[in-house]
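Here the structure is laid out as structure tokens; the discussion comes afterwards.
Rule-based calculations on the coordinates, nothing more; no lab input. Worth saying up front: this structure is predicted, and the values here are computed from it rather than measured. Counting neighbours? That spans all protein chains shown, and the Cβs are built from the backbone with ideal geometry, glycine included.
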Amino acid sequence: MNSITEYSFLTNLTKLPFIEEIWLFGSRGRGDNHERADIDIAILCPNANEDDWHQVLDIIDDADTLLKIDCVRFDTLNDDDKLKQNIINFKKILYKKCLH
């Protein structure tokens with residue numbers, strides 16, 4: 001696959017009503033990744049409960065790729081977390097929920 005957006009796991013994640021945004025970060029977000037680099041995604045879902053988050057993890061576990069996927073729930077990271085700052089600085093938006 002040439003693009004992260006071609007994977008069906010991403011489409012499946014966007015169907016979950018509690019997900020507001022999905023971002024790509026890490027080497028793929030910066031654009032300096034190699035072909036087999038892992039996929040780092042951050043998900044913004046402030047209204048999700050624990051069961052909702054388990055739905056996300058199930059989709060990630062069943063993803064249609066052999067690449068490793070690291071998934072973090074952005075809204076649970078502390079403001080002083082270096083990972084949060086890295087995501088903010090290098091994120092690429094993969095999905096943003098349309099508000100009607």
Taking into account only those residues within segment 82-91 that are surrounded by 13 or more Cβ atoms within 10 Å (Cβ to Cβ) and not hydrophobic (A, V, I, L, M, F, W, C), which is nearest to N33 (Cα to Cα)?
K91
Which numbered condition in (1) under 14 Å from the mean Cα position of the chain (by Cα); (2) in a loop (DSSP other than H, G, I, E, B) is the only one that S27 fails?
(2)
Right, I60: in a helix (DSSP H, G or I) and among the aliphatic types (A, V, I, L, M) or not?
yes
Taking segment 71-89 only, how many residues are acidic (D, E) and under 20 Å from E50 (Cβ atoms)?
1
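Here is a check on your reading of the model: is T65 among the β-branched types (V, I, T), out of contact with any Gly (no Cβ under 8 Å at 6 or more places or on another chain), in a loop (DSSP other than H, G, I, E, B) and surrounded by fewer than 17 Cβ atoms within 10 Å (Cβ to Cβ)?
Working: among the β-branched types (V, I, T): yes; out of contact with any Gly (no Cβ under 8 Å at 6 or more places or on another chain): yes; in a loop (DSSP other than H, G, I, E, B): yes; surrounded by fewer than 17 Cβ atoms within 10 Å (Cβ to Cβ): yes.
Yes: the conditions hold for T65.
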List, please: which pairs have Cβ atoms under 6 Å, are six or more places apart or on different chains, and start with a residue in segment 49-67 that is among the β-branched types (V, I, T) and end with one that is not in a loop (DSSP other than H, G, I, E, B)?
I59/F9; I59/N12; I59/L13; I60/I69; I60/C71
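Out of the residues in segment 46-57 meeting the condition of being outside any loop (DSSP other than H, G, I, E, B) and surrounded by 14 or more Cβ atoms within 10 Å (Cβ to Cβ), tell me which one is nearest to the chain's Cα centre (by Cα). Talk me through it step by step, then tell me what you get.
In the first step, residues of segment 46-57 are kept if they are outside any loop (DSSP other than H, G, I, E, B); the result is 50-57.
Retained after the next criterion (residues that are surrounded by 14 or more Cβ atoms within 10 Å (Cβ to Cβ)): 52-53, 55-56.
Values: D52: 15, W53: 12, Q55: 13, V56: 10 Å.
Checking each candidate, the answer is V56.
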Any residue at all in segment 7-14 that's surrounded by 10 or more Cβ atoms within 10 Å (Cβ to Cβ), free of Cβ contacts under 8 Å to residues at least 24 places away in the same chain and either touching a strand residue (DSSP E or B) at 6+ places or on another chain (Cβ under 7 Å) or within 15 Å of K97 (Cα to Cα) (or both)?
yes
